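Here the structure is laid out as structure tokens; the discussion comes afterwards.
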Amino acid sequence: MQIENLHWHDYLLLASFIGSIVGLWLINSDKPTQGNEIEETERSLFLMIFTYWMVYCIADFAQKLQLPNWDILVMSLQITAAISYFLTVCCVIILPLHRFSLQQVAK
């Protein structure tokens, strides 16, 4: 197994992977003992964002490995990367929409 030449995008993904690990650690280090439902929803959305992004980074980096004639593995990595990317985007969009809906309900 060899790895192809890494470009700036790959280094950026590596940095964001490390940032996701730090984000998960920060979210889990400061667990509230009893929070309300709104805080728990936002916390779980942040957990999903960081976790899905980590899965995307791993799947994208694994695609860079030169695997000998493992077309099924490469295809499953591509599907995993696509699904985790779309789930990350959905969670990023849902977070401000959730906050906006809470403001509308409060009015």
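Against the criterion of solvent-accessible heavy-atom surface with a 1.4 angstrom probe, M48, M54, M75 sort, most first, into M75, M48, M54.
Send over a whole-number figure in Å² for the accessible area per residue of the chain, probe 1.4 Å.
Working: 7910 Å² over 107 residues.
Dividing the accessible area of the chain by its residue count gives 74 Å².
Rounded to the nearest 500, the 222 nm mean residue ellipticity of the chain from helices alone is -28500 deg cm²/dmol, with -39,500 (n - 2.57) taken per DSSP H run of at least 4 residues. Modelled spin-label separation between S29 and M75, with each label point placed 7 Å from Cα along the Cα-to-Cβ direction: 4.4 nm. For the range 84-94, the Karplus equation 6.51 cos²θ - 1.76 cosθ + 1.60, evaluated at θ = phi - 60°, returns couplings of 5, 5, 5, 5, 5, 4, 4, 5, 5, 6, 5 Hz by residue, with Gly and Pro reported as x.
Per-residue 3J(HN,Hα) values for the range 99-107, derived from phi via the Karplus relation 6.51 cos²θ - 1.76 cosθ + 1.60 with θ = phi - 60°, read 5, 5, 5, 5, 5, 5, 5, 5, 6 Hz in sequence order (x marks Gly and Pro). Taking the protein heavy atoms of the chain in the context of the full set of protein chains, the accessible area attributed to carbon and sulfur is 67 percent at 1.4 Å. A simple spin-label model places the labels of H7 and A62 2.2 nm from each other, with each point 7 Å out along Cα-to-Cβ.
Rounded to the nearest Hz, the phi-derived 3J(HN,Hα) couplings of the range 74-79 under the Karplus curve 6.51 cos²θ - 1.76 cosθ + 1.60 (θ = phi - 60°) are 5, 5, 5, 5, 5, 5, where x marks glycine and proline. For the range 18-59 versus the range 64-107, the inter-centroid distance based on Cα atoms is 14 Å.
The values are calculated or read from the model by the stated rules, or taken from the named source; none is laboratory data. All values reported here derive from a predicted model rather than from experimental measurement. Please note: Cβ atoms are built from the backbone with ideal geometry, for glycine as well, and neighbour counts cover all protein chains shown. Keep in mind that these areas ignore ligands, DNA and RNA; they rest on the heavy atoms of the full protein, side chains included. Shrake-Rupley method; radii C 1.70, N 1.55, O 1.52, S 1.80 Å.
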